[in-house]
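Student: Quick one: the structure is below, questions incoming.
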Amino acid sequence: MRSSRGAPYVCPRCQMERMQMSRTESKRNIWVSARLMAILASVGCGAGMAPEAPDEGPVGAHRLSFEEFERSTYREPETGIYIVDGDMPMSDLEELREYYDGLSKPGALTVHAVGSANAVWNSTQKLNLTYCVSTGFGGSRHARIVDAMARAANAWESAANINFIHVPAEDSACTATNPNVVFDVRPVSGLGYVARAFFPNDIRPYRNLLIDSSAFENLAPQTLTGLLRHELGHILGLRHESTRSGSGACFEDSNWRALTPYDSDSVMHSPQCMGANTADLHLTQRDRIGIRALYGAGNGNLALMGNSSASSTYCYGPGSNCYSPDRVNDGSRDSTLNGHHSWTNADNVGLPQWVQVDLGHPYVINQAVVVGSSGGVPQSYLLEYWNGSAWVATANVAGNTQVQRTHDFAPVVTSRVRLLGRLGSATQPGYVRVNEIELYNTHENLALGAAASASSSFCSLGCYSPSRVNDGIPSLELGPNTSWTNAAGAALPQWVDLDFGGLRTFRRIELYMSTSGAPQALSIQVWNELNVLGGWVTLHVVRDNVHARTTHLSSAITTSKLRILGQLGSVEQPGYVRINEVEVYEN
């Protein structure tokens, strides 16, 4: 069981963070960004990043001396720790100096590359990440932090084999010197940041998650839970995503190792640093892939990453008297009927009433588990997903008496799922009670772990990188954040490849293309593993295509590489082949 969770904040300077080696080397040298372990290459769009700016001469040639830099850097009064980039702690002057020495110099970048090990929790530590939450937060704020930490930790535990554990018995002695927990969560005020965390190789006195009083103010569109998702990413060893040159802003340094391609939507990327996510901070598919590469697969329940809401809520006081929608994705299948475990609609409101989970990003889902309240299960409900313009039912239940039901359905792409209750229990038909909703994709998309490359890429006003075709975002929109497109003037055919890094067996391929720019003709090819000289073999041929999404089935195919070969673009722009997402499944 997991009872502890973590926290993020919206960094004023945001770049993805990577894992570190030693305390000093980690902050500058070996940070691991939660991004796929291959730098993707593409002709005309180096690794999917925007082209380098031309040399503009000595712009900003004046560089602060270290003494000036040190005087201008915020320093915590009590600990003496320096805070850089919004939430990165530097324990002493020596470490700050190493950080300074690695900053950008006029006309060039200085890259630190020390060693090859990542600063991550080991196989024992990662399952016992204990923490306390200081009672110094005060009654209601303490309860809010406990809940937000639990929900933020659930999100990471959904993706990776890790376990955050809250130890309430240590809350009253929650200090930096408490040896009974791995880290402490404590309040601060007026220290120049909303929150700051630490990295896995920090020693115990520096393993603190400090949360400023401003975090309890209106953070919209972010939430306290979203803030803590970000900070827990640091605690797991991730750097700001915006430190990658592909982000174009908030550059920190070049001392990182990529786990996945650059992700402007990452939970480790803030909108202030040209992040694409203008809502709350949620894990993206690439965040999940990257953290899984470090720690192994998690429990897979996508609902744990989401924010919940409801049409109305029964709430007549604190604790067990308030049946919050937050209960439906808190990771507990406990079917006890009370405010600690259940959501229930408000008194005297007409049915239907709904409770929903918003994942923040689109995901493929083909299974949902619904847990009701013992003695109060809803008799009739619809399980629905949002298709971008309307709610669509995946399950229509009537005459229900089961506390727990599993619903399997054809895969759908959605960012929101809701339960629409039409009739409550036999004893209280006006109340719809739901204790838990779990969401899964039970078929692994083999494309997510592949390295993507292309014959060419269009890079102007945004780079249509090949990394878009397996970023886990099955969008049908046309744009540099969703599509790969070949370079202007490049002769057709043009291709985008997926290299699995080893043999994979599959039977189904899903192609997502741009609604306004789907290619008219393409072939799907696989690498011939039986021929020592290799070579591409055509598996599927598509002609006169008018569909933005297509499914391609075959008998079992075993190969190490897959290629989409575009022979003719859309009617409007026949010279451009556009592919948004490629999904590959065993079943």
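Student: So which strands (runs of 3 or more DSSP E) stay within region 171-263 end to end and still have 3 or more residues that are at pLDDT 95 or above?
Tutor: Those strands (runs of 3 or more DSSP E) span 183-188, 208-212.
Student: Yes or no: region 397-407 includes at least one residue that is open to solvent by 10 Å² or more (accessible area, probe 1.4 Å), of a type in the set (S, T, N, Q) and closer than 19 Å to T442 by Cβ.
Tutor: Yes, that holds for at least one residue.
Student: Checking the structure you have, find out if any residue of region 344-357 is under 29 Å from N445 (Cα atoms), assigned to a strand (DSSP E or B), open to solvent by less than 20 Å² (accessible area, probe 1.4 Å) and hydroxyl-bearing (S, T, Y).
Tutor: Within region 344-357 (the criterion being under 29 Å from N445 (Cα atoms), assigned to a strand (DSSP E or B), open to solvent by less than 20 Å² (accessible area, probe 1.4 Å) and hydroxyl-bearing (S, T, Y)), the answer is no, since none of the residues qualifies.
Student: So, one more: Looking at region 459-499, which of the residues that are assigned to a strand (DSSP E or B) and among the acidic types (D, E) is farthest from N580 (Cα to Cα)? Don't jump to the end; show me each part of the working.
Tutor: Just the residues of region 459-499 that are assigned to a strand (DSSP E or B), to begin with: 459, 463, 484-485, 494-499.
Filter once more, so that each one left must be among the acidic types (D, E): 497, 499.
Details: D497: 13, D499: 17 Å.
Only one residue fits best here, namely D499.
Student: In region 473-483, what residues are within 21 Å of the chain's Cα centre (by Cα) and open to solvent by 60 Å² or more (accessible area, probe 1.4 Å)? Don't jump to the end; show me each part of the working.
Tutor: Just the residues of region 473-483 that are within 21 Å of the chain's Cα centre (by Cα), to begin with: 473-477, 479-483.
Listed by number, the residues that qualify are L476, E477, N481.
Student: Quick one: is H547 in a loop (DSSP other than H, G, I, E, B), over 25 Å from D263 (Cβ atoms) and either charged (D, E, K, R) or under 31 Å from the mean Cα position of the chain (by Cα) (or both)?
Tutor: yes
Student: Now, a different point. Can you name the number of the only condition in (1) open to solvent by 10 Å² or more (accessible area, probe 1.4 Å); (2) closer than 26 Å to T414 by Cα; (3) more than 27 Å from the chain's Cα centre (by Cα); (4) not hydrophobic (A, V, I, L, M, F, W, C) that P519 fails?
Tutor: (1)
Quick grid of which residues meet (1) loosely packed, with under 13 Cβ neighbours inside 10 Å; (2) in contact (Cβ under 8 Å) with a residue 40 or more places away in the chain; (3) within 12 Å of M513 (Cα to Cα):
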site: V537; (1), (2), (3): no, no, no
site: D544; (1), (2), (3): yes, no, no
site: H547; (1), (2), (3): yes, no, yes
site: T551; (1), (2), (3): yes, yes, yes
site: A556; (1), (2), (3): yes, yes, no
site: K561; (1), (2), (3): no, yes, no
site: L565; (1), (2), (3): no, yes, no
site: V571; (1), (2), (3): yes, yes, no
site: G575; (1), (2), (3): no, yes, no
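Student: Also, quick follow-up: From the list N528, N486, N470, exactly one residue is surrounded by fewer than 18 Cβ atoms within 10 Å (Cβ to Cβ) and more than 20 Å from G388 (Cβ to Cβ). Which is it?
Tutor: Among N528, N486, N470, only N528 is surrounded by fewer than 18 Cβ atoms within 10 Å (Cβ to Cβ) and more than 20 Å from G388 (Cβ to Cβ).
Student: Go through (1) closer than 25 Å to Q402 by Cα; (2) in contact with a helix residue (DSSP H, G or I) (Cβ under 9 Å, 6 or more places away or on another chain); (3) of a type in the set (A, V, I, L, M, F, W, C) and name the single condition A297 misses.
Tutor: For A297, the exception is condition (1).
Student: Quick one: in region 127-182, of everything that is of a type in the set (S, T, Y) and within 25 Å of the chain's Cα centre (by Cα), which residue is surrounded by the fewest Cβ atoms within 10 Å (Cβ to Cβ)?
Tutor: Filtering first and then ranking leaves T130.
Student: What tally of residues in region 113-150 results from selecting those that are part of a strand (DSSP E or B) and at pLDDT below 95?
Tutor: Counting residues in region 113-150 that are part of a strand (DSSP E or B) and at pLDDT below 95 gives 0.
Student: While we're here: Which number in (1) more than 24 Å from I81 (Cβ to Cβ); (2) out of contact with any Phe, Trp or Tyr (no Cβ under 9 Å at 6 or more places or on another chain) marks the one condition that A143 misses?
Tutor: Every condition holds for A143 apart from (2).
Student: If you don't mind, there's one more thing I want to ask. Q272 is checked against (1) more than 21 Å from G298 (Cβ to Cβ); (2) at pLDDT 75 or above; (3) assigned to a helix (DSSP H, G or I) and fails just one. What number does that condition carry?
Tutor: Every listed condition holds for Q272 apart from (2).
Student: On the given criteria, is R286 assigned to a helix (DSSP H, G or I), open to solvent by 40 Å² or more (accessible area, probe 1.4 Å) and farther than 12 Å from I437 by Cα? Walk me through how you get there before you give the answer.
Tutor: Details: assigned to a helix (DSSP H, G or I): yes; open to solvent by 40 Å² or more (accessible area, probe 1.4 Å): no; farther than 12 Å from I437 by Cα: yes.
Here the answer is no, as R286 does not meet what is asked.
Student: Can you find a residue that is of a type in the set (A, V, I, L, M, F, W, C) and in a loop (DSSP other than H, G, I, E, B) anywhere in region 557-574?
Tutor: yes
Student: Could you check, for region 521-529, whether at least one of its residues is closer than 19 Å to A556 by Cβ and not in a strand (DSSP E or B)?
Tutor: Yes, region 521-529 contains at least one residue that is closer than 19 Å to A556 by Cβ and not in a strand (DSSP E or B).
Student: If you go through region 500-510 one residue at a time, do you hit one that is open to solvent by 10 Å² or more (accessible area, probe 1.4 Å) and either part of a loop (DSSP other than H, G, I, E, B) or closer than 11 Å to R578 by Cα (or both)?
Tutor: No, because not a single residue in region 500-510 is open to solvent by 10 Å² or more (accessible area, probe 1.4 Å) and either part of a loop (DSSP other than H, G, I, E, B) or closer than 11 Å to R578 by Cα (or both).
Student: Also: Give the residue that is modelled with the highest pLDDT, with candidates limited to residues of region 446-466 that are open to solvent by 20 Å² or more (accessible area, probe 1.4 Å) and more than 20 Å from the chain's Cα centre (by Cα).
Tutor: Once the filter is applied, the top-ranked residue is S455.
Student: Only one of A490, A451 is under 24 Å from Q573 (Cα atoms), small (G, A, S) and not assigned by the TED database to the domain that holds S380; which?
Tutor: Working: A451 fails: under 24 Å from Q573 (Cα atoms).
Matching residue, one of A490, A451: A490.
The values are calculated or read from the model by the stated rules, or taken from the named source; none is laboratory data. Keep in mind that this is a model prediction, so the values were computed, not measured. No Cβ is skipped: glycine too gets one built from the backbone with ideal geometry, and neighbour counts run over all protein chains shown. Quick note on the areas: whole protein, heavy atoms, side chains included, nothing else; ligands and nucleic acids left out. Shrake-Rupley method; radii C 1.70, N 1.55, O 1.52, S 1.80 Å.
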